[in-house]
1. Scan segment 165-184 for residues that are of a type in the set (S, T, N, Q), in a strand (DSSP E or B) and free of Cβ contacts under 8 Å to residues at least 40 places away in the same chain and jot them down.
2. Scan segment 192-208 and give yes if some residue there is open to solvent by 20 Å² or more (accessible area, probe 1.4 Å), assigned to a loop (DSSP other than H, G, I, E, B), within 26 Å of Ser71 (Cα to Cα) and in contact (Cβ under 8 Å) with a residue 60 or more places away in the chain, otherwise no.
3. Criterion first (under 27 Å from Val209 (Cα atoms), charged (D, E, K, R) and open to solvent by less than 40 Å² (accessible area, probe 1.4 Å)) does Asp118 satisfy it?
4. Quick one: in segment 183-197, of everything that is of a type outside the set (S, T, N, Q) and in contact with a Pro (Cβ under 9 Å, 6 or more places away or on another chain), which residue is modelled with the highest pLDDT?
5. Go through Ala34, Ala54 for me and flag whichever is of a type outside the set (D, E, K, R), in contact (Cβ under 8 Å) with a residue 40 or more places away in the chain, open to solvent by less than 50 Å² (accessible area, probe 1.4 Å) and farther than 22 Å from Ala113 by Cβ.
6. Out of the residues in segment 85-115 meeting the condition of being of a type in the set (D, E, K, R) and under 22 Å from Arg176 (Cβ atoms), tell me which one is surrounded by the fewest Cβ atoms within 10 Å (Cβ to Cβ).
7. Working only within segment 164-191, note down all residues that are of a type in the set (Gly, Ala, Ser) and open to solvent by less than 60 Å² (accessible area, probe 1.4 Å).
8. Output the residue which, of all residues in segment 145-162 that are closer than 13 Å to Asn36 by Cα and either open to solvent by less than 60 Å² (accessible area, probe 1.4 Å) or of a type in the set (A, V, I, L, M) (or both), is nearest to the chain's Cα centre (by Cα).
Amino acid sequence: MRTILALIAALLLAACASMQAMQPLDADRETVCAGNCRSHFPEGGWQMVHTISANIQGGRQATFTGVVILSPEDDSIRCAVMTLEGFVLFEAVDYGRVTVKRAFGPFDDENFAKGVMDDIRFLFVEPEGETTCGIFEDGSRGCRYRAERNRTVDLMEGPDGGWRMRQYDSRGYPMRTMTADAPNADGFSRKIVLQALGSHGYRLTMTLVEAVSIQEPPG
């Protein structure tokens, strides 16, 4: 009996890990769908502030304030993680290579810095690479990005105007998932839930405090 249960569990895990099949759209509908997918990612410079409730492996929980600045002028991302009282625990900038400006305690780790920037790019930067628009086997419409490092990102329309994303590694195993509420007038969701999978997985529930458009300084 244990062997049978173990086999069933393995099959279920394999099914969850596999990417959904997609039926491509015709050219006219693909153009509209691609525009809808693109609209889920911020355009221009933005500063976003979220309250972040973190659930870390082992049952640990913590709440932080996260600040992200997207600057298309130099394709940079700046971020800071603070206590609710405003003390900066972690600060970094990514120009294609991550540079840590400040880090304390468990945040003083190279893998942490890289993971934070990977999360931010996953959530707020449209993947580069080949894009296919279509209908997934669960009936949702969206886009499949063949991104860098042989990763795949699926972006799917969700219920009530929300949306979902899944990121897979080169073998097709899920790395990250995201669900988001319907966006506001500026295109930002009030609530985002990010789940990082694997042996060091975690779950972040992000509640939007504000999103402010920023102007690049004159050249």
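1. Quick first cut of segment 165-184, residues of a type in the set (S, T, N, Q) only: 167, 170, 177, 179, 184.
Applying the additional criterion that residues be in a strand (DSSP E or B) yields 167, 177, 179.
Those that are of a type in the set (S, T, N, Q), in a strand (DSSP E or B) and free of Cβ contacts under 8 Å to residues at least 40 places away in the same chain: Thr177, Thr179.
2. no
3. Working: under 27 Å from Val209 (Cα atoms): yes; charged (D, E, K, R): yes; open to solvent by less than 40 Å² (accessible area, probe 1.4 Å): yes.
So Asp118 fits the description; yes.
4. Here the answer is Arg190.
5. Details: Ala54 fails: farther than 22 Å from Ala113 by Cβ.
None of the others qualify; the one that does is Ala34.
6. Taking segment 85-115 first, the residues of a type in the set (D, E, K, R) are 85, 91, 94, 97, 101-102, 108-110, 114.
Cutting the leftovers down to under 22 Å from Arg176 (Cβ atoms) gives us 94, 97, 109-110, 114.
Numbers: Asp94: 19, Arg97: 8, Asp109: 13, Glu110: 10, Lys114: 15.
Only one residue fits best here, namely Arg97.
7. Just the residues of segment 164-191 that are of a type in the set (Gly, Ala, Ser), to begin with: 170, 172, 180, 182, 185, 187, 189.
The answer is Gly172, Ala180, Ala182, Gly187, Ser189.
8. Of all residues in segment 145-162, those closer than 13 Å to Asn36 by Cα come to 155-158, 161-162.
Next cut, either open to solvent by less than 60 Å² (accessible area, probe 1.4 Å) or of a type in the set (A, V, I, L, M) (or both) only: 155-156, 158, 161-162.
On the way: Leu155: 10, Met156: 13, Gly158: 15, Gly161: 18, Gly162: 14 Å.
Among residues in segment 145-162 that are closer than 13 Å to Asn36 by Cα and either open to solvent by less than 60 Å² (accessible area, probe 1.4 Å) or of a type in the set (A, V, I, L, M) (or both), the one nearest to the chain's Cα centre (by Cα) is Leu155.
The values are calculated or read from the model by the stated rules, or taken from the named source; none is laboratory data. Quick caveat, the model's predicted, so the values are computed rather than measured. As a convention, Cβ positions derive from the backbone with ideal geometry for all residues, glycine included, and neighbour counts pool all protein chains shown. Calculation scope for accessible area: heavy atoms of the full protein, side chains included, ligands and nucleic acids excluded. Shrake-Rupley method; radii C 1.70, N 1.55, O 1.52, S 1.80 Å.
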